[in-house]
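Have a look at the structure below, then the notes.
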Amino acid sequence: MRWASALLLIIHSAWAVSAELIVAFGQSRPPFIDEVQGDGISFRLFDTVAKQLGWQYKPLFVSNRRMEKLLAQGQVDIAVEVQRQNTQLHYSQPFIAYSNYALHHTDRDLALTTIDQLQFFSICAWQNASQHLGIRQWTESNSKYREYPDQKLQVADWLNKRCDVLLIDDTLLEWHIRQLNARSSFEDVNVNRFGKTLLPVQNNPLWFYVGFGDAALRDAFDKQLSVLKQSGRYQQIRNEF
């Protein structure tokens, strides 16, 4: 009967990819996701795996929260860069990691032993940061805490001193600073002049996964993603940005 089960899995997988898949990606997270160019680290990693598998797909760029809802509701087949929080869905192996820091305008010696020390500052964070970092207990009642679906606006607000502390991945920050400097929106922004400390939380770096409504698609993706990592192409794509 083992051969019969394997045959059913092959048939099911072939049926699942016979139609164009709908794949949800986040918004405004270059260089990880760039909806304008249809590119980015995570986009290119997923696209490389999909092409190796012969998948045809239509990208859909939405906010983090909507992306997770659409996947749970079965309105998209795949969501790229999500957390493993729904037992009814199927998640890949670790896909992409963000290293998150706290940056401060004036305190170059900003030191944190616990992330709860940040509750006394005004904060600009990414969307769903309170969930990802486990700090909902004090952010929900903190009027000085704000999350941004658009991280370009998040960085701009912090540079304009609309908040004391910026919570962000260092690769994301460096990309946005380069873009702002190129457009002369700000004069010679130098990240090194700010206080910077790695967030003292257990899940840092913060790993994201690719979510699937179908287990057979997840299994095929995981197998090819492992090949990509072992070949060195995964790291090569990361380094291209």
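The values are calculated or read from the model by the stated rules, or taken from the named source; none is laboratory data. Here the structure is a predicted model, which is why all the values come from computation and not from measurement. Glycine gets a Cβ as well: all are built from the backbone with ideal geometry, and neighbour counts include every protein chain shown.
Quick notes on this structure:
- Verdict on residue 173 being in the same structural domain as residue 117 (by TED's automatic domain parsing), outside any helix (DSSP H, G or I) and surrounded by 15 or more Cβ atoms within 10 Å (Cβ to Cβ): no
- Contact map, segment 173-184: first residue over 17 Å from residue 101 (Cβ atoms), second residue at pLDDT below 85 and of a type outside the set (D, E, K, R), Cβ cut-off under 8 Å, separation 6 or more or different chains; pairs are 180/186; 180/189; 181/189.
- The helices (runs of 4 or more DSSP H) located wholly in segment 1-100 that include 1 or more residues which are exposed (fewer than 14 other Cβ atoms within 10 Å of the Cβ) and at pLDDT 95 or above occupy 41-53.
- Only a single item in (1) more than 14 Å from residue 101 (Cβ to Cβ); (2) outside any loop (DSSP other than H, G, I, E, B); (3) polar (S, T, N, Q) is not met by residue 141, and it is number (2).
- Taken over segment 120-135, the criterion of being outside any strand (DSSP E or B) and either within 20 Å of residue 99 (Cα to Cα) or assigned by TED's automatic domain parsing to the domain that holds residue 25 (or both) is satisfied by 127, 128, 129, 130, 131, 132, 133, 134, 135.
- Yes/no for residue 194 being in the same structural domain as residue 158 (by TED's automatic domain parsing), crowded, with 17+ Cβ neighbours inside 10 Å and modelled with pLDDT under 95: yes
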